[in-house]
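Asks: Take this structure first; my questions come after.
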Amino acid sequence: MQCCSTNWCNRCYHTNRCNTLPTLNTNAAINNLEIQAGATVSIGSYAFTINGIINGAGTLSGSPSSSIITNASTTLLFTPGSNTIKELTINTGTTTLGNPLNITAGSSSPNSTGTVTVSTGAVLASNGNLTFKSNEFGTARLAQGSDAGNFVTGNATVERYIPNNGFRSWRLLSVPTHSSGQTIRQAWQEGDANPSPQQNNLPNFGTQITGTGNLATAQAAGFDNVAANAAMLYWNLSAWNPVHNTNTAIDNKKSLLLYSWRKK
């Protein structure tokens, strides 16, 4: 075995000691592949089809227009900083994410938002490493599946971009989750990262939610501050009522109005 002198060659390999590392310049398909530690396969704007197993501690480098298709059980490792792709399609077996992967939110180009597709009987094991990104152009999505058992295991992070229009506004939000146990504070107030009310350790993420009444009581109920009126309402099938505690599970109320205010 010797270092490859081109992108792909028979019975040769790529490592960080080789002069060349593979960079796709067209759509490509492989069977089994070993990427040794320190090496990377750059997908660029092309589709990379994996029909076998990827071994080794090397990584895949994607872009917001990359596509990956897996046709066998394998584990995917991505290069930090180049771990965003547009399309991930799992056709069969279990594909496991070994480190963080972002699905692109989109760009000004039409149909640019990313999608994860899991075929019937296949599994995407996220290990908590999957993030559906969101920006002003749209939000990445999980494609609608059949009822025959295709699914994603493990937690996934779904971002929801809310534009800063310079003033507070009511936003109608819905949360398609069930029995997750995650609270409103954990999800939308970045509660895990911000244990103290009004604190924001993740700039540009999370929102401030105000309650009413006594400040200490409101903060014990998960609110950041108090105001004359509640900043979050839920629909009880006949009217909008204030949410009294943001430490409750976010999936308890299916439709929510949020008087949004981005934390500073």
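Asks: In whole angstrom, and with the biggest value first, how far do the Cα coordinates of segment 14-158 range along each principal axis?
Replies: The Cα atoms of segment 14-158 stretch 44, 35, 26 Å along their principal axes.
Asks: With a Förster radius of 22 Å, plug the Cβ-Cβ distance of residue 199 and residue 247 into 1/(1 + (r/R0)^6) and report the FRET value to the nearest 0.05.
Replies: Efficiency, from the Cβ-Cβ distance: 0.85.
Since every read-out is calculated from the coordinates, none of them should be taken as a lab result. Predicted, not measured: the structure shown is a model, and the values here were computed from it. When we count neighbours, we look across all protein chains shown, and the Cβ atoms used for this are built from the backbone with ideal geometry, even at glycine.
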